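The values are calculated or read from the model by the stated rules, or taken from the named source; none is laboratory data. As the structure is a prediction and not an experimental result, all values here were calculated from the model. Note that each Cβ is placed from the backbone with ideal geometry, even for glycine, and that neighbours are counted across all protein chains shown.
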Amino acid sequence: MATLLSNSEEWLNRHEIALAVLDEGPRAFPLPGWLTIFQLDCAGGLLASISGLNRVVRDFAPDVTISFLTRANLANGAVMTKRRMPWIISERTSTPAHLSSTWGTATTCCRIRRSS
């Protein structure tokens, strides 16, 4: 994400770009100084993430959102579907491994059904 954002500065003359960070904690990679950052403290919770992201989307009013990790993808989908706005997710991990066994099993079942 940091690399994508760092290489997006040329688009600032046509688009405003911001980042919503769901949890407090140290950052693994530096972020560009021009970037608007919405720092949330969702403490790893899905409902808190949906609620927090909903506030960010309400206040920032993005044209589209993109997310990269399981909980962020779920929150992104929930918020943007409710608002009937476009959203993009990138899933590069095993979703069930990042959720409790109940949610992981349900997610796997849904993914198998949708891909059939």
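Considering only segment 66-116, state which residues are of a type in the set (D, E, K, R), assigned to a loop (DSSP other than H, G, I, E, B), at pLDDT 90 or above and surrounded by fewer than 13 Cβ atoms within 10 Å (Cβ to Cβ).
R84, the sole residue that qualifies.
Yes or no: L47 within 21 Å of N73 (Cα to Cα), part of a helix (DSSP H, G or I) and hydrophobic (A, V, I, L, M, F, W, C)?
Numbers: within 21 Å of N73 (Cα to Cα): yes; part of a helix (DSSP H, G or I): yes; hydrophobic (A, V, I, L, M, F, W, C): yes.
Considered against the rule, which asks whether it is within 21 Å of N73 (Cα to Cα), part of a helix (DSSP H, G or I) and hydrophobic (A, V, I, L, M, F, W, C), L47 comes out as yes.
Among the residues of segment 19-58, write down those that are loosely packed, with under 15 Cβ neighbours inside 10 Å and aliphatic (A, V, I, L, M).
A28, L31, I37, A43, L47 - these are the residues of segment 19-58 that are loosely packed, with under 15 Cβ neighbours inside 10 Å and aliphatic (A, V, I, L, M).
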